[in-house]
Amino acid sequence: MEAILAISIGILFGSGTWLILRPRTFQVITGLLLLSYAVNLFIFLMGRAVINKAPLTVNGAVDPTLYADPLPQALVLTAIVIGFASTALYLVVLLASRGLTGTDHVDGKEPTK
Amino acid sequence: MMEQWAKQLIIVPILLPLLTGALLILFSERHHKLKLTISLISTLFNLGAAIFLLKLTDSEYWANGVGVYLAANWIAPFGIALVADRLAVLMLLLTASLGLVVLCYSSARWGRIGVHYYSLIQFLFMGLNGAFLTGDLFNLFVFFEVTLAASYGLLLHGYNRTRIRAGMQYIVINLVCSFFFLIAVALVYAAVGTLNMADIAASLPAIKPQSRQLLEVGAAILVVTFLTKSAIWPLCFWLPTTYSAASPPVAAMLVLVTKVGIYAVLRLSTLVFSEAAGSSESFGQTVLLWGGLVTIAFGLVGVFASQELGRLVGYSAIVSSGTLLAAISFGQPSLTSAALFYLMSSTLVIGAFMLLNELIERIRTPAAAMIALTMEAFAVEDEPQESAGVATPAAMVFLGLAFVGCSLVMTGLPPLSGFMAKFGLFHALLDEHSNISLGYSVWALIALVVISGLAGTIALMRFGVRTFWAVDISTPPLLRASEVASVFLLLMLCVLMTVGAGPLTHYLDRTAASLHTPQLYIERVLTQDAVSGRGEIP
């Protein structure tokens, strides 16, 4: 399972990196989204990959190996919210730039040939 | 009763701007005066809180001079702890003073255009203050994001084509940076199992070798994000464009955002990678040192090459970041203290220059600037003109004097605080009682700092001559009292730093000393007791 997850994170991150280096704003924002998926999965996995285990313990002494680590799950929620909000903000700026300059190139003008 | 309030004081610099910012959203933009008054009062209170905290940390009120506030009353490794030590409080004070000046400056013009300007500024204060106060790595990320979200909005304030273009690049760079921050946080958590900075430092000596590798990878990625914010070469290309595109008061506040990066590097390197860290001791210091040196070199070339004052100041900010990072990398208390003095002085003066830039632009009509440039390019000699003593308007006198004052501080010429700062750095580097061995790196740092001062002098002189001694200044520029007052105030703060250099240096020495004995910090954070339901410590 670790291998599959690691490979998929790698593919997401690689595609995201490729896309944010492209000259069109739409490609950049798609790249940012892919990167944020990769990062969120990565954080989630840092609590170790476990299946069918509850993140909450009952009161009293318990065996921690029976439970999933709840902290990365909490972190990933915060990360999703923040990443989503900033990407949405970028989307607004992207549209504003398209409206003002008439092009979707990241430099605000078409490259001269 | 007093005791109770003092305990809650640590969270005030975060809560107050948050509430003020939220309150200001409720008023419509027509009530500009009201909005301005509320934010000024709130920032004054913030300044008061910072001064009070400074008194508390520097007295015997808190053990070891470290105040700990347990948010929601969870003890340290589990909940989020806010930590007010001397360094954090110093940065709070710097933020509040610069913030007050910036607010005063924006009252004339920038606060009136666009919407929610004052709210965004307050959220920026909140993010900065939070980043300085927090003792938790993930919380640091959150406050970084608050700062950045506010700065995105502020950068686009005044909305034109240049700002949108600069904003797009700034946002993408910082978003990618945030992703790296998250990866780093996840790696650190995987390695140590905690995100409380004191707890990370405490558990580092006994960590397993494979986890140590993971932690070091995490720390390296973490520092890359901080270095991007503080604009080390080659992660600094966004800075001059962003600074020169932003509206002047916003650019002045953005200077502080680069200092947050420096603060985080300083905090992490002294707390986590101290002598107690075993084989990870002084992790990454060589990179910091050489990165800092190359950054100074890059910045000084940029200073030479810039034609506009905005870009010139942007490159000076890069030079100052490079100097600070190189100075921090030695890990010596005396040098850290000198670096902190330099940090304060350079922040204030770069802020002042950003504000002054707009006022100077008013005397340089586009046509005059064009002619000056062309004349330089084609080496046209000026016709010597008959001068029969033209009365100089007061506005021009003020601009000229302020420009000279700022240039003196920026380039480190005597007698103002810039000189004291550089002198302090050299003194600490060459002091024979310190543990710094006089190798290539020390001499390279000294040489680069001297050359960067020279470059600044030449570039600023060229700009000053072209602007103030230009042939034709037909109409004196219109300056408003608040604008003049804010530039004057920043310069006065630099003068104050020069006059009060003695007590300030002693305070900074104590700050550096406590930074370099992280055991005291760790012990205070991890042993802070929770408050019981009845308000007594059990």
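Throughout, read-outs are computed from the coordinates displayed, never taken from laboratory work. It should be emphasised that the depicted structure is a prediction, and the values quoted were computed from it without experimental measurement. Cβ: placed from backbone, ideal geometry, glycine included. Neighbour counts: every protein chain shown.
Taking the Kirkwood radius as Rh and the Cα radius of gyration as Rg, the stretch B:203-309 has a ratio of Rg/Rh equal to 1.08.
Ranked for footprinting exposure by Cβ neighbours inside 10 Å, fewest first, B:Tyr440, B:Tyr342 give B:Tyr440, B:Tyr342.
Projecting the alpha carbon convex hull of the stretch B:96-206 along each direction and taking the average yields 8.0 nm².
For the stretch B:452-463, 3J(HN,Hα) computed residue by residue from phi via the Karplus equation (6.51, -1.76, 1.60; θ = phi - 60°) reads 5, x, 5, 4, x, 4, 4, 5, 5, 5, 4, 5 Hz, glycine and proline entered as x.
One way to sum up the overall shape of the stretch B:417-515 is the equivalent ellipsoid from its Cα gyration tensor, whose semi-axes run 36, 22, 8 Å, largest first.
Under 5 Å between amide hydrogens, built in the peptide plane, is the criterion, and for B:Leu156 it picks out nothing among residues at least 5 positions away or on other chains.
If you model chain A as an ellipsoid using its alpha carbon gyration tensor, with each semi-axis the square root of five times an eigenvalue, the axes come out at 40, 16, 6 Å, biggest first.
Along the stretch B:322-337 the Karplus relation, 6.51 cos²θ - 1.76 cosθ + 1.60 evaluated at θ = phi - 60°, assigns HN-Hα couplings of x, 4, 5, 5, 5, 5, 5, 5, 6, x, 10, x, 5, 6, 4, 4 Hz to successive residues, with x for each Gly and Pro. Applying a DSSP loop filter and a limit of 15 other Cβ atoms within 10 Å to the GluC sites (Glu not before Pro) in the stretch B:244-335 leaves B:Glu281, B:Glu308.
Taking the fewest neighbouring Cβ atoms within 10 Å as the starting point, the ordered list for B:Asp136, B:Asp509 is B:Asp509, B:Asp136. Averaged over peptide B:172-179, the number of partner chain Cβ atoms lying within 10 Å of each residue's Cβ comes to 6. Rounded to the nearest Hz, the phi-derived 3J(HN,Hα) couplings of the stretch B:424-429 under the Karplus curve 6.51 cos²θ - 1.76 cosθ + 1.60 (θ = phi - 60°) are x, 4, 4, 4, 5, 5, where x marks glycine and proline. Projecting the Cα atoms of B:Val12, B:Leu54, B:Leu425 onto the charge dipole of the protein assembly as shown (Cβ charges, centred on the Cα centre) puts B:Val12 farthest toward the positive pole.
How would you classify chain B from its alpha-carbon gyration tensor, with a ≥ b ≥ c the square roots of the eigenvalues: rounded for a/c under 1.5, else prolate if a/b is greater than b/c, otherwise oblate? The shape class here is prolate. Counting only DSSP H runs of at least 4 residues, each contributing -39500 (n - 2.57), and dividing by the residue count of chain B, the helix-based mean residue ellipticity at 222 nm comes to -24500 deg cm²/dmol.
Close amide H partners of B:Thr134, meaning residues 5 or more places away or on another chain with modelled amide H under 5 Å apart, are B:Val83. Taking label points 7 Å from Cα along the Cα-to-Cβ direction, B:Ile458 and B:Ala395 give a separation of 3.4 nm. Magnitude of the charge dipole for the protein assembly as shown, about its Cα centre and with charges confined to Cβ atoms of Lys, Arg (+1) and Asp, Glu (-1), is about 1260 debye. Database remark: amide H of A:Ala68 closer than 5 angstrom to the amide H of A:Ala54 (H placed geometrically; neighbours at sequence offset of 5 or more, or on other chains; Pro and chain starts carry no H).
Mean per-residue shielding of peptide A:97-110 is 2, counting Cβ atoms of other chains within 10 Å of each Cβ. Taking 30 Å as R0, compute the FRET efficiency from the Cβ-Cβ separation of A:Thr103 and A:Leu21 and round it to 0.05. Computed FRET efficiency for A:Thr103 and A:Leu21 comes out at 0.95. With the simple spin-label model, which puts each label point 7 Å out from Cα in the Cβ direction, the A:Leu33 to B:Trp469 separation comes to 5.9 nm. Both radii come from the Cα set of the stretch B:399-448: Rg as radius of gyration, Rh as Kirkwood radius; their ratio Rg/Rh reads 1.14.
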